[in-house]
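Inspection log for the structure reproduced underneath, given as structure tokens.
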Amino acid sequence: MFAYRNRYRYYKYTQPQQLPAPPPAAKVVVAVYDYEPSQPGDLELKKGEEYTITDNSRTHWWKALNREGVQGFIPSNFVQEKTEKGLIGEGWYCKDMSRQRAEALLKQEDREGCFLVRDSTASPGTLTVSVLCKTPQTTVRHYHIKQNPRDSKYFLSEKYTFPTIPELINYHQHNGGGLVTRLRLPPAALTGYAPATLGFSQDKWEISSTELTLMKPLGSGQFGVVRLGKFQGRMLVAVKTMREGSMCEDDFIEEAKTMTKLQHPNLVQLYGVCFKERPIQIVTEYMCNGNMSSYLRSKGRELAEDRSPLVDMCQQVCSGMEYLERSQFIHRDLAARNCLVGEHNIVKVSDFGLSRYVLDDEYTSSTGSKFPIKWASPEVLEFSRFSSKSDIWAFGILMWEVFTLGKTPYPNLNTTDVVRQVTHGKHLDRPQRCPHGVYRIMKQCWEKDPMRRPTFKDLQGQIEDIQEKDYCE
Ligand code: ADP
């Protein structure tokens, strides 16, 4: 079931070393974030500098060479391949960003002329400038950067053409040149925040309790208490201490090794596990705004003033789930309470696959009192048949939670009535603030026949396509 298990190869521990100049065909990348080595053998990255990749046979930790000829391991998601357009490292460029996310980020920043440049999702190969304009009312405008077929120059308005994109952006930062507003600064959220690295370093997933300092409690759940912690005294992490007897530990430890290899910007990164002593501690990425269900209840009103942050939150969960679907990994307990929120409304899916190791029948059996019945598809309720399609059903319910700002689904029904409704094909109603286009997506997730439900890949495209007109209905 798990695509990563055999693909992963282990490398001998390597100290940084002097090497001769790289062969000319080697891949050149640019650091998008600074990286400070956390293990011997890692190479420091400085934002904007170029590095030559000498070994990219592993997915997440590559061997790279810096300009001084020093070689070491780097996290692959901290660098991007140098493109012929030369945009990597520009503070306003963001390669993989959906239209919804761009709108949400710019609106959150709420500054006239705040802008970014991203790869267009509608026309691949084209770049889009997204810019916030505050008068007469706050809107985000999207402009494709076009290229003149005669001289290959770039332009937004045909009158002003430039040989490179940075020159074009620089011009529009000083002149309106036909745009609704002059481009000013990119959102702060685009600069400062480095992504989570995959595990702490190349081969490290087993963590010693001496490397962890435990701080304030963040919450408690099915397995025990979650606390804020520090790894090696400098990196903030969340540490989940597993209550003894709450999980099937040996099976989990075996699986955790492979789970640390799952990496996506919308998945809470599992860094490693501390299992040499008991109780077991699971160390993950820290998300400062806690679980999405409580976040929606407390911050929902603010978010709902404009619906694009809500669509954006669904879009982000969908991206993380699309990655799990591609990795043939079933979540089994997708719900707003199992997603976490970080800075700038970043949403990440958490607790994937964990329910398989729970030892409490009340939680694992579909007739148990803790079983998440309201998120379960008909085939899960009837035959305990979990699949990416049952995750899709749960995703529809999660979208409903988002658009009701954190309400519990089927508010007035007891579990027997919920089962009766679901097995008879009756669905949740459209939440008041939910656009019709969004509700149509939810209903597709609730097709009784799992084969008729869309995939997360299908949904990604559909959510991306939700147009402004949907907000006006
Ligand atoms: P459950 O087992 O019920 O899913 P968890 O044990 O995962 O709950 O977490 C309990 C609570 O602790 C969450 O609802 C959340 O508020 C907080 N929490 C868990 N993990 C993190 C994290 N990585 N960063 C910040 N808060 C967290």
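Mean Kyte-Doolittle of at least -0.5 plus a Cα span of 18 Å or more along the axis: flag which DSSP H helices in the chain meet both, please. If you can, show how the numbers build up before the last one.
Values: long enough: 308-326 (26 Å, -0.11); 388-403 (22 Å, 0.72).
Span-like helices here: 308-326, 388-403.
Could you estimate the translational diffusion coefficient of the range 94-194 from the Stokes-Einstein equation, with Rh from the Kirkwood formula over C-alpha pairs, at 4 °C and 1.567 mPa s, in whole µm²/s? Please report the intermediate quantities before stating the final value.
Numbers: Rh = 13.8 Å.
It comes out at roughly 94 µm²/s.
What is the ratio of the Cα radius of gyration of the chain to 2.2 N^0.38 Å, with N the residue count, to two decimals? Write out the running numbers ahead of the final one.
On the way: Rg = 23.6 Å, N = 473, 2.2 N^0.38 = 22.8 Å.
Cα Rg divided by the expected 2.2 N^0.38 Å: 1.03.
Across 10 Å bins from the origin, how do the percents of Cα pairs in the range 319-372 run, short distances first?
23, 45, 27, 5
How large is the Rg to Rh ratio of the range 209-285 when both quantities use alpha carbon positions and Rh follows Kirkwood?
Values: Rg = 12.0 Å, Rh = 12.8 Å.
Expressed as Rg/Rh, it is 0.94.
What percent of all Cα-Cα pairs in the range 27-81 falls in each 5 Å bin, counting up from 0?
5, 24, 38, 27, 6
Starting from the Kirkwood radius over alpha-carbon pairs of the range 310-402, derive D by Stokes-Einstein at 4 °C in a medium of 1.567 mPa s and give it in µm² s⁻¹. Spell out each step's value before the answer.
Working: Rh = 13.5 Å.
In µm²/s, the coefficient is 96.
Considering only DSSP states other than H, G, I, E and B, which trypsin sites (Lys or Arg not before Pro) in the range 258-322 qualify as loop sites with at most 14 other Cβ atoms within 10 Å? Could you put the intermediate results ahead of the total?
Values: sites: K261, K276, R297, K299, R301, R307; in loops: K261, K276, R307.
Taking the range 258-322 and a limit of 14 other Cβ atoms within 10 Å, the loop trypsin sites (Lys or Arg not before Pro) found are K276.
Show me the ranking of peptides 338-349, 388-399, 413-424, 128-139 by mean Cβ neighbours inside 10 Å, starting with the highest.
Going by the mean number of other Cβ atoms within 10 Å, highest first, we get 388-399, 338-349, 128-139, 413-424.
With the dipole of the chain worked out from charges on the C-beta (+1 for Lys and Arg, -1 for Asp and Glu) around the Cα centre, which of Q462, T260, L340 lies farthest toward the positive end?
Ranked along the dipole, the leading option is Q462.
Please compute the contact order of the chain in relative form: average sequence separation of alpha-carbon pairs under 8 Å and at least six residues apart, divided by the residue count, as a percent.
Taking the mean separation of contacting Cα pairs over the length of the chain, I get 10 percent.
For the chain, give me the percentage of DSSP beta bridges that are antiparallel, rounded to the nearest 5 percent. Mind dumping the intermediate values first?
Values: 61 of 66 bridges.
For the chain, the DSSP antiparallel bridge percentage is about 90.
If you put +1 on each Lys and Arg Cβ and -1 on each Asp and Glu Cβ, how big is the dipole of the chain around its Cα centre, in Debye rounded to 20? Working shown, then result.
Numbers: 62 positive and 57 negative charges, 104 e Å.
Using Cβ point charges on Lys, Arg, Asp and Glu, the chain gives about 500 debye.
If the only charges are +1 at each Lys and Arg Cβ and -1 at each Asp and Glu Cβ, what is the size of the charge dipole of the range 209-285 around the Cα centre, to the nearest 20 debye? Before the final figure, lay out the partial values.
Working: 10 positive and 9 negative charges, 86 e Å.
Dipole magnitude for the range 209-285 comes out near 420 debye.
Would you mind computing the Rg to Rh ratio of the range 26-150 from its alpha-carbon coordinates, Kirkwood style for Rh?
1.08
Output the antiparallel fraction of DSSP beta bridges having both residues in the range 209-285, as a percent to the nearest 5.
Working: 21 of 21 bridges.
Taking every DSSP beta bridge with both residues in the range 209-285, the antiparallel ones total about 100 percent.
Run the reach check for K299 against aspartates and glutamates, Cα to Cα strictly under 20 Å, same-chain hits fewer than 8 apart removed. What comes back?
Reachable aspartates and glutamates: E103, E109, D110, D312, E343, E401.
Ignoring ligands, DNA and RNA, please state the percent of accessible area on the chain from carbon and sulfur, probe 1.4 Å. Walk me through the numbers before you get to the answer.
Working: 10630 of 21950 Å².
Summing carbon and sulfur atoms, their accessible area is 48 percent of the total for the chain.
Helix-only estimate, please: 222 nm mean residue ellipticity of the chain, summing -39500 (n - 2.57) across DSSP H runs of length 4 or more and dividing by its residues, to the nearest 500.
Working: 12 runs with 123 residues, N = 473.
Helices in the chain give a 222 nm mean residue ellipticity of -7500 deg cm²/dmol.
Which of the listed residues, V226, P431, S209, is farthest toward the dipole's positive end in the chain, when Lys, Arg count +1 and Asp, Glu count -1 at the beta-carbon?
Result: P431.
Would you kindly give the portion of the calculated P(r) for the range 295-468 that falls above 24 Å, as a percent of all Cα pairs?
32 percent
The values are calculated or read from the model by the stated rules, or taken from the named source; none is laboratory data. Keep in mind that this is a model prediction, so the values were computed, not measured. Cβ sites come from the backbone with ideal geometry, for glycine too, and all protein chains shown count toward neighbours. Quick note on the areas: whole protein, heavy atoms, side chains included, nothing else; ligands and nucleic acids left out. Shrake-Rupley method; radii C 1.70, N 1.55, O 1.52, S 1.80 Å.
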